Amino acid sequence: MKRIFILIIIATSLLSCGGSASKTQVATDTKQGDVTKVLYFHGKQRCVTCNAIEKLTKEVLDSLANEKIVMKVINLSKTENEAIADKYEVTWSSLILDRNGKVENLTDMGFSYAKGQPEVFKTKLIEAINNITK
């Protein structure tokens, strides 16, 4: 009985936080200027790691203080956000970079480091932003 309870808790955690689009994909929309979009998608219920990803991402962007990098926090449970979720093929909490149609999915990295190794998360996010802006 105890094992079943633990499995249910683990399954619920994974379903509330996991899943994402492919690692790297190319968007088909037209270029929208010289702006890097940092998109953080989340559901109605969020786990500790989901909240950490958003908080740390905001900290990184504040430290960079670059008006050519914009962050959007998108609630997937709102119907008005269905189109953007479809565009990026997102169904769960996800962290996406988009620069002029070049898209990189950082979700796996975020869930790997945000909670347990926040400094590693920040370093990897800065590296990804620098790489996508080249």
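All of the numbers you see were taken from the coordinates with simple rules; none came from a lab. Please read these numbers as outputs of a predicted model, since none were measured by experiment. FYI the Cβ positions are ideal-geometry reconstructions off the backbone, even for glycines, and counts take in every protein chain you see.
General observations
- Kirkwood's formula applied to the C-alpha pairs of region 38-134 gives a hydrodynamic radius of 13.5 angstrom.
- Label zone at residue 123 (point 7 Å along Cα-to-Cβ), backbone N below 16 Å, region 41-59: none
- Sorted by Cβ density within 10 Å, fewest first, the residues 132, 84: 84, 132
- Residues 37, 78, 72, 134, sorted so that the one with the fewest Cβ neighbours within 10 Å comes first: 134, 78, 72, 37
- Panel order for 77, 94, by other beta carbons found within 10 Å of each beta carbon, from fewest to most: 77, 94.
- For the set 55/124; 55/87; 58/87; 78/115, the pairs lying more than 20 angstrom apart at their alpha carbons are 55/87; 58/87; 78/115.
- Shape category assigned to region 30-83 from the gyration tensor of Cα positions, a/c cut at 1.5: oblate
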